[in-house]
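To start, the structure under review is shown below, and the notes come after it.
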């Protein structure tokens, strides 16, 4: 369940009783192997034939690693490991990055350029996509305050950076209050929102528009507010940076702040603070 919620690629291979005995449901047999781990897996399967085990493993790896990552469950009967096979699956590769739709990305950039009080919220997908540098450059270009998404399981931005404002609250009312005063927020690589305790309040304060970028169709579909774009976090941040750098006339921290992460190249993870 934790791997599913954190979108961690994981292959779970579970034992099953010998095929010759399954019809009688002996001890240590899984009565319904494909249903048992749901809904906390992307795919669950018990090969129909012993010779299908290698192909099932190839598919499991592809399914687990494609975005959003997650666990896959394979149930393998005991005697399958001793079966001889005459053919093996052809090795194959699958992409693990989703590029943003250019038209939608341009629309997001135009709305960001027009915003009067903009904020950036970053989630765990930024770190998973190796997008720290892209996030810093984008935030510095806009001089935008940066919040960490609620309960993100990874660090997403240099903690000592002048633009970093810490993690958003994990309850509806306090989170909405924290964003009061902004007219546009871009959420990259996170849900909208990951709550824990119930505290009454609005999802976002009045007057705030929200944009979301995520590689997870489920998170895009379940967002309570805002417009969503499916994309790898790093690719989207790099694309927005390129679209906005020539249109914004604001002074950039990237060139003016000696303490900026981009300027110094100091990795805050090296600090003991």
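Considering only the stretch 44-56, I want to know if a residue exists there that is touching a residue at least 24 places away in the same chain (Cβ under 8 Å), under 30 Å from residue 123 (Cα atoms) and not in a loop (DSSP other than H, G, I, E, B). Checking the stretch 44-56: at least one residue is touching a residue at least 24 places away in the same chain (Cβ under 8 Å), under 30 Å from residue 123 (Cα atoms) and not in a loop (DSSP other than H, G, I, E, B). Of the set (1) in contact with a strand residue (DSSP E or B) (Cβ under 9 Å, 6 or more places away or on another chain); (2) surrounded by 15 or more Cβ atoms within 10 Å (Cβ to Cβ); (3) not in a loop (DSSP other than H, G, I, E, B), all apply to residue 37 but (3). Restricting to the stretch 206-216, and then to whatever is without any contact (Cβ under 8 Å) to a residue 60 or more places away in the chain and in a loop (DSSP other than H, G, I, E, B), can you tell me which residue is surrounded by the fewest Cβ atoms within 10 Å (Cβ to Cβ)? Residue satisfying both the conditions and the ranking: 206. Does residue 80 satisfy the criteria of being surrounded by 12 or more Cβ atoms within 10 Å (Cβ to Cβ) and more than 30 Å from residue 128 (Cβ to Cβ)? Yes: the conditions hold for residue 80. In the set (1) modelled with pLDDT under 95; (2) outside any helix (DSSP H, G or I); (3) within 28 Å of residue 214 (Cβ to Cβ), residue 30 fails one condition alone, (3).
Set side by side, the residues 191, 125 differ, and just one is in the same structural domain as residue 218 (by TED's automatic domain parsing), in contact with a strand residue (DSSP E or B) (Cβ under 8 Å, 6 or more places away or on another chain), closer than 17 Å to residue 231 by Cα and in a loop (DSSP other than H, G, I, E, B), which is 191.
Of all the listed residues (182, 157, 147, 138), the sole one being without any contact (Cβ under 8 Å) to a residue 40 or more places away in the chain and either more than 17 Å from residue 233 (Cβ to Cβ) or in contact with a helix residue (DSSP H, G or I) (Cβ under 7 Å, 6 or more places away or on another chain) (or both) is 157. Checking each residue in the stretch 217-232 for being out of contact with any strand residue (DSSP E or B) (no Cβ under 8 Å at 6 or more places or on another chain), touching a residue at least 60 places away in the same chain (Cβ under 8 Å) and not in a helix (DSSP H, G or I) picks out only 232. Scanning the stretch 135-151 for residues that are outside any strand (DSSP E or B) and farther than 12 Å from residue 170 by Cα yields 135, 136, 137, 138, 139, 140, 141, 142, 143, 144, 145.
Count of the stretch 86-102 residues, restricted to those that are farther than 15 Å from residue 237 by Cα and at pLDDT 95 or above, is 0. Among the residues of this structure, residue 72 does not count as one that is in contact with a helix residue (DSSP H, G or I) (Cβ under 8 Å, 6 or more places away or on another chain), closer than 25 Å to residue 127 by Cβ and modelled with pLDDT under 95. Residue 189 fulfils the conditions (1) farther than 16 Å from residue 151 by Cβ; (2) surrounded by 15 or more Cβ atoms within 10 Å (Cβ to Cβ) except for a single criterion, (1). Taken together, the residues in the stretch 152-167 that are under 17 Å from the mean Cα position of the chain (by Cα) and in a loop (DSSP other than H, G, I, E, B) amount to 6.
Tell me whether the stretch 197-205 contains one or more residues that are closer than 24 Å to residue 108 by Cβ, within 20 Å of the chain's Cα centre (by Cα) and either assigned to a strand (DSSP E or B) or assigned by TED's automatic domain parsing to the domain that holds residue 116 (or both). Taking every residue of the stretch 197-205 in turn, none turns out to be closer than 24 Å to residue 108 by Cβ, within 20 Å of the chain's Cα centre (by Cα) and either assigned to a strand (DSSP E or B) or assigned by TED's automatic domain parsing to the domain that holds residue 116 (or both).
From the residues in the stretch 151-172 that are crowded, with 22+ Cβ neighbours inside 10 Å and out of contact with any strand residue (DSSP E or B) (no Cβ under 6 Å at 6 or more places or on another chain), which one is farthest from residue 197 (Cα to Cα)? Ranking the qualifying residues of the stretch 151-172, first place goes to 158. Scanning the stretch 239-256 for residues that are at pLDDT 85 or above and crowded, with 19+ Cβ neighbours inside 10 Å turns up 239, 240, 241.
The values are calculated or read from the model by the stated rules, or taken from the named source; none is laboratory data. Model, not experiment: these values are computed from the prediction. Quick reminder, even Gly has a Cβ in these numbers, built from the backbone with ideal geometry, and neighbours come from all protein chains shown.
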